[in-house]
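The values are calculated or read from the model by the stated rules, or taken from the named source; none is laboratory data. Keep in mind it's a predicted model, so treat the numbers as computed, not measured. With ideal geometry, Cβ positions are generated from the backbone for all residues, glycine too; neighbour counts draw on all protein chains shown. For the accessible areas, the whole protein counts, side chains as well, though only heavy atoms, and no ligand, DNA or RNA atoms are used. Shrake-Rupley method; radii C 1.70, N 1.55, O 1.52, S 1.80 Å.
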Amino acid sequence: MDMILTVCLWIMTMPAATGQELYRMGILHQGTSKLVVENFTVGEYNSTFLWYGVDMLEPFQLQKAVNNFEAHDTPDVIIVLNDEHHEAVDTSLLYSKTPLIHWGRRPLFSPRHVEEDVTKGQGLCDQLNEEISDQTTPFCYTDAQLAYRKQEINNDTLVIEEIEVRVPIVVSNIIVQALKWQSVFIFYDTSTLQDVSDLVDELSKNAVKVITFNVDKILDMTDVLLRAYSTVKSAESHVNFAVLCRYNCIRRVLYRANTFDQDNGKMKSLLKMFSRWLVAAYEHNVDTIETMISCASNIDNLAVIAFPEITTSTSIKESLNSTLTTFFTDQAIDESLYPDGIDVQRPNSSTKRKEALINSLHKGSGTWYRESQCAALRIDTLMWTPKGRGFSHVGYVNCRSYDETSNWSLADIVILSDVFPNIHFAYNKRQFLVSTLHYEPFVKKTVVNGTAKFSGICMDLLEELAKTLNFTYNLTEPDDQKWGSTEDRINPQFNGMIGQLQREEVDIVAADISIQKEREMVMDFMFPFFYGSTSVVIKKPDPNRRKWRTLVDPFKSEVLAFIGIVLIAASVIGFLFEKFNPFYCNPDNARLRSETYGLHTIHDAFWYMYGALLSQGGVNLPESNAGRTFVSCWWLFCIVIVATYCGNLIAFLTVSKDPPPFNTLEEMAKFKDEYRWGIQAGTHWEIVFKTSTRKEFRAIGDAWMEFNKTDPDVISTDVDVHMAKVKEGFYGWIGDTVVIEMALTKDCDLLMIKERFLPLKYAFGFTNNSPHAQIFSKQMLSIHESGLLQVWKRRWWPKSKIICPGSIVTEAKPISIIDVQSAFYVAAGGALLGLLAFLTELLVVRIQKYIQSKNPKPTRSSCEPIRVVQQDYN
């Protein structure tokens, strides 16, 4: 074979006929090693094609063929063909002394685009790395590819009728039929003005609202995008854009859209997620592919239908012959019109004409490429791949090859899958920085081998949101270990997790953050995931401390006071009724009153009323009607009081009750000298108790700040520190009822007061004006309806592992000495009072005797009873 090639090349190097010039071109193409010689003549110009077939995918075979050409009389040029049915040939490693032209592949970025970049602005969407640059497959199906695609779907969906392919009709059908948009913003350049005008007409017929922008006349693209974005509530719908223009126009629009969210940091826009882009790329080539992948790296929803530059050539051979014919014809015309020496620019020597031919072949090498073989225009959407962003096929516009009428034809628009599938993937694995803080049962922090791990209901909720909204996250904690509080209510500067959001150091706070008016000034909340309240936990008072009061505890102090007052009042009233009653004006009644020791003396009246109160009463009842009426009513009063007292006394002796010393904040404030209380610093409770206008809140807050002067633990952020102080006694912690209930299940010595105050609504927090809050709120409502919160609550709200005495089973309680110690105290007190009265009486008698000894008069003994002498008046 090498000998044959040598002979053929020798024959072709023989001088041509006089007056003619011979141009030799070696052509390497995919095939077997068989040399084919063809002659091509135009006027006086002759050219010889040496077609040589080799394995184009083997660089060694290519280099060997180039060496064979150059080993003999070197051809004027060697052309390497990029056949339409094979992969692109890599000629970058080939070494050749002869000019080497790669026919059928144009550069990634042509000089034309570079020149336009100078006027439009350099640095927009730099060329991508090699991994993404590999994704340069033209957006076009060949006949063979289209036939394969047709086998994958139902052939009945293809319409045989052929109509003219025009960009406005294709784009309008996609917008109306496939996407069903109701409104759209259209970007175009001056060269596509007519197509956009036709597109607006088509969309108007289908009641689609349209706003158009000429990119060539826009001074501030960011402002245009901002106005478009502001017309739609991002969390409720999407902004629809269509781009119909050429390379640099697409590049400019997508670049500004890609950086829009970053440029509008204060607005907290989310255009990348809530916009849909349909790009109709004119004169499509690999440049446009690179541009859309690079410029749209942050845009979630982008689809493209490419309209390539279509050439009239349908084969490489025809394209090559056309280039040579044009060049030789121009040379012949120039020679006939301009004599030698007149046109200094015209090649007037064989060498210069060969150089001009090589330059012409270089320019013609880009007139044929794969797009000219399109049988269908693909519709592709930009997706995430392991190597970065890349296009995925979602449909195509079914076409046929170029025909005699110079029109393309359309059979149908075939949509194989969702044009914008990323809409269903929410955040598309966007990463958030999330701050949290230990606070059981909402967040539980454990350290394993030096690594912090978080669990709890907030972490379960965050994980569920991450799955449903398709995002990832990293966890962090505030350095000061606080939730967030501020001293300045006018220009608040928060600390803790709220401060992190205020300074935009994190994206989300996933913790038991309470929704408060002051916080909403600097951040946003999603829909609450938990509702609670605030209370106070203290240690139960020692039940034996008050057992000495058993006899008085059945009644409150005010009841006992009223009973004492009523007893004295009843004694006085009874005395007055009996002392001054006319009934005793009758001597017989008077004598009877004296014999029976009635109520006519205050002494006797008091002991009678007191005895009735003890269910004993006196020996004799009053004789007068007034006295008897009053006494009967007094006995009724005594029966009620005694029955009530006895019932409560029995209950106090048989049932253990440990009432707290106070049940409200107002009562607790009165125990300032006996009790202390604490509040976690950096929480909303700190703000409330320091700044509230409610009297009881301010009293608690003022006392708390006073306690802090001598005991810094009262402002500790650690709940365990507060609970330890509570268990020591005479200390109260003001906090979440959920945490208090958790502590009560573990320790029977703790007690929560009855008052519930400061209702709590817990929710995740976001930076101020964040578009994420509405998205998370919608998902939070779905979680509420699903019942997942109840499942998580049962998981993290553990049941009590201990049974407090008397909390479940009611049983008889034997009475101990300590239970009835008050009765012994009363008996001992009575004995002492009786002894005191006895001594008093002895003292009085001795005083009376002493007085009588000084003034002797006949008197009867103080101990001698009075004798009443009955006289007979008859």
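Given the condition at pLDDT below 70 and open to solvent by 50 Å² or more (accessible area, probe 1.4 Å), answer yes or no: does some residue in the range 384-396 qualify? So far as the range 384-396 goes, no, none of its residues is at pLDDT below 70 and open to solvent by 50 Å² or more (accessible area, probe 1.4 Å).
Scanning the range 264-290 for residues that are hydroxyl-bearing (Ser, Thr, Tyr) and either within 32 Å of the chain's Cα centre (by Cα) or at pLDDT 85 or above (or both) yields 269, 275. Comparison of 58, 44 shows that the only residue that is at negative phi and at pLDDT below 75 is 44.
The set of residues in the range 297-321 that are open to solvent by less than 70 Å² (accessible area, probe 1.4 Å) and modelled with pLDDT under 75 comprises 308, 309, 310, 311, 313, 315, 316, 319. Restricting attention to the range 56-67, the residues that are in a helix (DSSP H, G or I) and surrounded by fewer than 20 Cβ atoms within 10 Å (Cβ to Cβ) total 6. Given the structure, is residue 581 at pLDDT below 85, open to solvent by 50 Å² or more (accessible area, probe 1.4 Å) and over 27 Å from residue 720 (Cβ atoms)? In short, no. Those strands (runs of 3 or more DSSP E) of the range 415-534 in which 2 or more residues are surrounded by fewer than 16 Cβ atoms within 10 Å (Cβ to Cβ) occupy 430-435, 444-448, 451-455, 471-476. Scanning the range 227-248 for residues that are surrounded by fewer than 17 Cβ atoms within 10 Å (Cβ to Cβ) and in a helix (DSSP H, G or I), we see that the one that is modelled with the highest pLDDT is 227. Among the criteria (1) open to solvent by 20 Å² or more (accessible area, probe 1.4 Å); (2) at pLDDT below 85, the one residue 251 does not fulfil is (2). Looking only at residues in the range 78-91 that are surrounded by fewer than 21 Cβ atoms within 10 Å (Cβ to Cβ) and touching a strand residue (DSSP E or B) at 6+ places or on another chain (Cβ under 7 Å), which one is modelled with the highest pLDDT? Ranking the candidates gives 91 first. Within the range 459-482, residues that are within 24 Å of residue 683 (Cβ to Cβ) have Cβ atoms under 7 Å from residues that are assigned to a loop (DSSP other than H, G, I, E, B) and of a type in the set (Ser, Thr, Tyr) in these pairs: 475/436; 477/436; 481/717; 482/717, counting only partners at least 6 apart in sequence or on another chain.
Of the residues making up the range 211-219, at least one is of a type in the set (Val, Ile, Thr), touching a strand residue (DSSP E or B) at 6+ places or on another chain (Cβ under 8 Å), open to solvent by less than 70 Å² (accessible area, probe 1.4 Å) and at pLDDT 90 or above.
Filtered by the rule that a residue be within 18 Å of residue 326 (Cβ to Cβ) and modelled with pLDDT under 80, the range 22-40 gives 23, 40. Selection of the range 469-520 for residues being acidic (Asp, Glu) and either in contact with a Cys (Cβ under 9 Å, 6 or more places away or on another chain) or closer than 17 Å to residue 268 by Cβ (or both) yields 504, 505, 507, 512, 520. I want to confirm something. Restricting to the range 254-263 and keeping residues that are modelled with pLDDT of 80 or more and part of a helix (DSSP H, G or I), which single residue is surrounded by the fewest Cβ atoms within 10 Å (Cβ to Cβ)? Among those residues, the one meeting the criterion is 262.
This table checks each residue for (1) at pLDDT 90 or above; (2) of a type in the set (Asp, Glu); (3) closer than 14 Å to residue 460 by Cβ.
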{"residue": "763", "(1), (2), (3)": "yes, no, no"}
{"residue": "777", "(1), (2), (3)": "yes, no, no"}
{"residue": "781", "(1), (2), (3)": "yes, no, no"}
{"residue": "790", "(1), (2), (3)": "no, no, yes"}
{"residue": "796", "(1), (2), (3)": "no, no, yes"}
{"residue": "803", "(1), (2), (3)": "no, no, no"}
{"residue": "808", "(1), (2), (3)": "no, no, no"}
{"residue": "815", "(1), (2), (3)": "no, no, no"}
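If the condition is being in contact (Cβ under 8 Å) with a residue 40 or more places away in the chain, open to solvent by less than 70 Å² (accessible area, probe 1.4 Å) and hydroxyl-bearing (Ser, Thr, Tyr), then the range 181-210 contributes 183, 188, 192. Residues in the range 616-640 that are open to solvent by less than 70 Å² (accessible area, probe 1.4 Å) and either modelled with pLDDT under 75 or not small (Gly, Ala, Ser) (or both): 13 in all. Which one of the conditions (1) in a helix (DSSP H, G or I); (2) on the phi > 0 side of the Ramachandran plot; (3) of a type in the set (Asp, Glu) does residue 283 fail to meet, given that it meets all the rest? Looking at each condition in turn, residue 283 falls short on (1).
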